[in-house]
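Novice: Questions regarding the structure given below will be posed in turn.
Just so it is clear, none of the values below were taken in a lab; they were calculated from the coordinates. From a predicted model like this one, the values you see are computed outputs, not experimental measurements. Positions of Cβ are generated from backbone atoms using ideal geometry, with glycine treated the same way; all protein chains shown enter the neighbour counts.
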Amino acid sequence: MERRTICTRRPVDLGLTLGGLRHGGLRDRTMRVSGLGVWRATNTTLGPATLHLRSTGSCTIAARAWGPGAVAAIESAPMLVGAHDDPPPLARAHPLVTDLERHLEGLRIGASGAVFEAIVPTVLAQRVIGAEAILAYRAMVRAAGMPAPVGAGPDGIDLLLPPDPRWVAGTPYFTFHTWGVERRRADTIRFAASRAHRLEETVGMTIADARRRVGAFPGVGPWTVNNVAMLALGDADAVAVGDYWLKHVVSYALAGEARGTDERMLELLEPWRGQRGRVCRMLLAGAPRPPRFGPRLPLRQLAAH
């Protein structure tokens, strides 16, 4: 087991900061968030690892890791929790953002550094409702069936690793079909898996170069690039243009408009250019939700066809 104490420049709320890496809440077998801290299973450059993070003070975090990749997981933990994320004060352009900046002071923009692990659930969420993407990711993780390293402490946390790129690349399309994933998304994920090393190289690039590299992959558009840039690369300005719900959340929170467009969203976020993704994270975490109109979309049953 590897240990270290992480000292952060600002307070870190682990649940708020790392929540975006959890796909499906309690149904995500690769990650757990509880009063005992955050447990995360991951594939590192040195092998699989289980990482446990626990706040021991407003600006200190205790980290432990197990498995062949424990050293790599511990070394990347400060980046994961946004230990050095120290942005300038947000412009006081809107009272709600000013209020959220104060009440959500523990929300940091971290970077998982695991680009392939971020791109898989993101591609699964392309053009489908969230529940459908969550079920598909859960089925993929369960099918891969790779237990996280044992010895994860006395708390009895039982995690599975995110699917390994080699396993994903070798999985035929018809298997994706049983998970409710059509050929377009399946091919995007399988191609990314076959070039996973090219994705992981982006961690050492500038944000602009990394975004260009990720966006050059077939089937990866601006929405996917922005989500991956925020989660894996720590891009505080990444805005998920093309998202079904975000534009409405931003328009309602900042202008009282029940429905918005991507153009309107970007216009409203312009005062915070450079930190627009941070503002979006804050609004998603604490802003009032816009009203819903009409019934919820039903889950598709692709595997039945």
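Novice: At ALA144 and PHE191, where each label point lies 7 Å from the Cα along Cα→Cβ, what is the point-to-point distance in nanometres?
Specialist: Here the modelled spin labels are 2.1 nm apart.
Novice: A further question on this structure: What is the mean projected area of the alpha carbon convex hull for the stretch 149-299, to one decimal in square nanometres? It would help to have the intermediate numbers written out before the result.
Specialist: On the way: hull surface 49.5 nm².
Taking a quarter of the hull surface, the average projection is 12.4 nm².
Novice: Now a separate question. In deg cm²/dmol, rounded to 500, what helix-only [θ] at 222 nm does the chain give when every DSSP H run of at least 4 residues adds -39500 (n - 2.57) and the total is split over its residues? If you can, show how the numbers build up before the last one.
Specialist: Details: 14 runs with 128 residues, N = 305.
Computed mean residue ellipticity for the chain: -12000 deg cm²/dmol.
Novice: Now, a different point. Based on Cα positions only, what radius of gyration and what Dmax would you give for the stretch 208-269, in angstroms?
Specialist: When restricted to the Cα atoms of the stretch 208-269, Rg and Dmax are 12.6, 37 Å.
Novice: Sticking with this structure for a sec: Using a Debye calculation, one point per C-alpha and no hydration shell, please list log10 I(q)/I(0) for the chain at q = 0.08, 0.11, 0.12 Å⁻¹ in order.
Specialist: Once normalised to I(0) and log-transformed, intensities are -0.35, -0.67, -0.81.
Novice: Determine how many Å³ per residue the convex hull of the Cα atoms of the stretch 1-156 encloses.
Specialist: Enclosed volume per residue, from the Cα hull, is 129 Å³.
Novice: Same structure, new question: Starting with the highest mean, order 261-271, 178-188 by the number of other Cβ atoms within 10 Å, averaged over the residues of each peptide.
Specialist: Order by mean packing, descending: 178-188, 261-271.
Novice: Same structure again: Can you tell me the Rg and the Dmax, both Å, for the Cα atoms in the stretch 157-222?
Specialist: Spelled out, the Cα radius of gyration and Dmax of the stretch 157-222 are 13.6, 38 Å.
Novice: Where does the stretch 89-233 land on Rg/Rh, using Cα atoms and the Kirkwood Rh?
Specialist: That ratio equals 1.03.
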